[in-house]
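Accompanying notes for the structure given below.
The values are calculated or read from the model by the stated rules, or taken from the named source; none is laboratory data. Quantities reported herein were computed from a predicted structural model and do not represent experimental measurements. For neighbour counting, all protein chains shown are included, and Cβ atoms are generated from backbone atoms with ideal geometry for every residue, glycine included.
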Amino acid sequence: MFNYIKKHKSLIICLAILLSSSFLASLIQTSFGKVDIELMNLKTQDGQNLVYDLYKPSIATKENQVPFIVVVPGFQRSKEALSNIAIELSRRGFAVALIDPYAQGMSSSSKSRMAATTQGYGMFALVEHASEGHFSFIDIDLIGSTGHSMGGNAAIRGANYFGKEATKNGTKSKLHSVYVSGYVLTLRENILKHSRSNMGVSYALYDEGAFRNELKGWDAANMKIAPESLRVVNSVLPESDRVKEVELGKYYGDKSNNTLRVIFNEELLHPFQPYNIEATSNQIEYFDMVFGSPIKINATNQIWQFKEFFTLLNLVVSLLMLIPIARFFLDLNFFKEIVKTIPAALPKQTQQGKFIFWIIFFTSALIACISFIPMVDVAKFLFYESANRELTWFFPQRMNNSVMLWAAFNGTIGLCIFYISYRLVGRHHGTKISSWGININRYEFAKTVLLGLIIFISYYLILFTIYNLFHVDYRFWFMGVRVFQPEMLLVLAMYFPLFFIFFFSNSLRVNGAMRFENQPEWQSKLIAGFANSLGLMLIIIIQYVTYAKSGTVFWTTNWLSVNLLFGIVPMMFILPYFNRTFFQLTGRVYLGPIVTCLIFIMILSTNTVVYLPL
């Protein structure tokens, strides 16, 4: 028994770290036991359902009712992506509902193609629910909402929607105050004139989407002079007091009649705006101003970063844990026969070989770079329903469809380059097919597939256990491994075949074309990591170098698809490391792409919009 434990001590260590860091993350998330967090599900209109985390401070009771704030993540984001806001507001005594927007996370899809605009991603229904007195511990006269990006649009639309309702009924708006982060497109006169809510606006000075604003270039995101922010402020001021330049951080209007306005303009990029102490402080101070924090804590006193550290530790350790999980099962007699001797490495590179290698390296990266945006456009045509936010069973993930086409295309190109280089050069310089690690019979291949499925299931069973125990997952900011619903297995099966072309191509190239005699393993893996991700890195570099020089991003129409790469590039970089390690465990190129494709595609699928008709 002792020898068995010693043999698999790395797996035990990984599990111990996951449990410990999850426990500590949970302590921070609950403000060290002062806030209860409960997963809730609200049945809404048209048979839809809204899933949300309810943060209830211990001070909130029927006798001591507290303000209630609904937090709305943006496009492509689940509730966990804005847990930092929920943590900071709830530890100050606010009751908080952190929602999964419709078609994202665990919430159902919406029958509306404009869910953020017409339903606030589900926020409207939850505000209605709360205002009817279903939560005895909240003050129904002090209900607010905040959101980032499209979640910010939901907040603006909420002020408009409930403002119209209040005017029609001659009552106060059910939505007392809203805070809009990272979105100004709908700060228009026809929208603002119906608002009966206090409003704070926070916009990043370097927001990549500012090219869509009324001004152009760098001035488009300058909230001192932007027409959008001027309208927000001037809409509540007498004509004689209207301003030509907004003073950032200054409160205009009067909170007693819900006309309070304030504008912030943090020096950040759009996707990183929620994860900043200054931006978070501004939001905390705003809600303290409009509601009065039940628990007074300085706005700069923030603890959410520590939760992010522990869930980042979860993310890193959980991925590393794939290797000891595989070793554990490969140690069983049933799977031992799929372990083969590692084939000999390729002969040491000659000068000519190095020249050809680097030509192929940069050519592949260039193809990967120039093919991504065209695949985004092709996906809009091939998958029309999901591209237009319509419910469909046919490849329902709007953003992942383009990534899938890019992966299938580049995986196929990679296989062709690999074979052609062997036929024209490799076989004449000592390369043997046996070094590729592709020889396998049907029985061994079936066992390899079975093992890949078992590793995938084991990985997610551990995640589900941790989530049920501590209500945390594995993540850093908006990149995360999260739990999923059963229907996502159908989505995984749908996307797996085309994605697998890329994952298998990578494994074959990493182990059959990038493994040379006398080359240090770290160097080989590092080169492979850049080979697999350089093309996408170049897209980000082009986008932001152009932005830095001109004030407008290079790709405007598909700028959100470029932003998506912030979460994809790290996965692309570490993929070769796993494919090489699994190759070293089995001597074959198959287990690595099976495991990584299953897990990485599930990660992508659970962190994007899914327009399933459920």
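The figures follow:
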item	result
Top-ranked residue in region 251-287 [being assigned to a loop (DSSP other than H, G, I, E, B) and within 25 Å of Lys193 (Cα to Cα); ranked as nearest to the chain's Cα centre (by Cα)]	Asn265
Scope region 162-179; condition surrounded by fewer than 24 Cβ atoms within 10 Å (Cβ to Cβ) and either within 26 Å of Gly292 (Cβ to Cβ) or in contact with a Lys or Arg (Cβ under 8 Å, 6 or more places away or on another chain) (or both); matching residues	Gly163, Glu165, Ala166, Thr167, Thr171, Lys172, Lys174
Leading residue by the ranking (nearest to Gly452 (Cα to Cα)) among those in region 327-341 that are assigned to a helix (DSSP H, G or I) and without any contact (Cβ under 8 Å) to a residue 12 or more places away in the chain	Lys336
Members of region 330-342 that are crowded, with 17+ Cβ neighbours inside 10 Å and either aromatic (Phe, Trp, Tyr) or touching a His at 6+ places or on another chain (Cβ under 7 Å) (or both)	Phe335
Options Asp288, Asp241, Asp219, Asp254; residue that is assigned by TED's automatic domain parsing to the domain that holds Arg196, closer than 20 Å to Gly163 by Cα and of a type in the set (Asp, Glu)	Asp254
Residue in region 176-199 that is on the phi > 0 side of the Ramachandran plot and at pLDDT below 90 present	no
Test: residue in region 230-238 that is crowded, with 24+ Cβ neighbours inside 10 Å, within 29 Å of the chain's Cα centre (by Cα), at negative phi and of a type in the set (Val, Ile, Thr)	no
Lone qualifier among Leu50, Leu11, Leu42 - being modelled with pLDDT under 95 and under 20 Å from the mean Cα position of the chain (by Cα)	Leu50
Residues of region 57-85 that turn out to be over 25 Å from the mean Cα position of the chain (by Cα) and surrounded by fewer than 22 Cβ atoms within 10 Å (Cβ to Cβ), as a count	7
Subset of region 182-232 that is among the small types (Gly, Ala, Ser) and part of a helix (DSSP H, G or I) - its residue that is farthest from Ser256 (Cα to Cα)	Gly217
Matching option when the condition is in contact with a helix residue (DSSP H, G or I) (Cβ under 9 Å, 6 or more places away or on another chain), closer than 22 Å to Gly551 by Cα and surrounded by fewer than 21 Cβ atoms within 10 Å (Cβ to Cβ), among Gly253, Gly217, Gly249, Gly182	Gly217
Subset of region 503-554 [within 28 Å of Ile438 (Cα to Cα) and basic (Lys, Arg)]	Arg509, Arg515, Lys525
Residue match in region 75-91 (condition: among the β-branched types (Val, Ile, Thr) and more than 20 Å from Leu39 (Cα to Cα))	no
Residues being more than 17 Å from Asn153 (Cβ to Cβ) and free of Cβ contacts under 8 Å to residues at least 60 places away in the same chain - total across region 194-218	1
Matching strands (runs of 3 or more DSSP E) fully within region 6-89 where at least 1 residues are outside the structural domain of Ser318 (by TED's automatic domain parsing) and either on the phi > 0 side of the Ramachandran plot or of a type in the set (Phe, Trp, Tyr) (or both)	49-57, 66-72
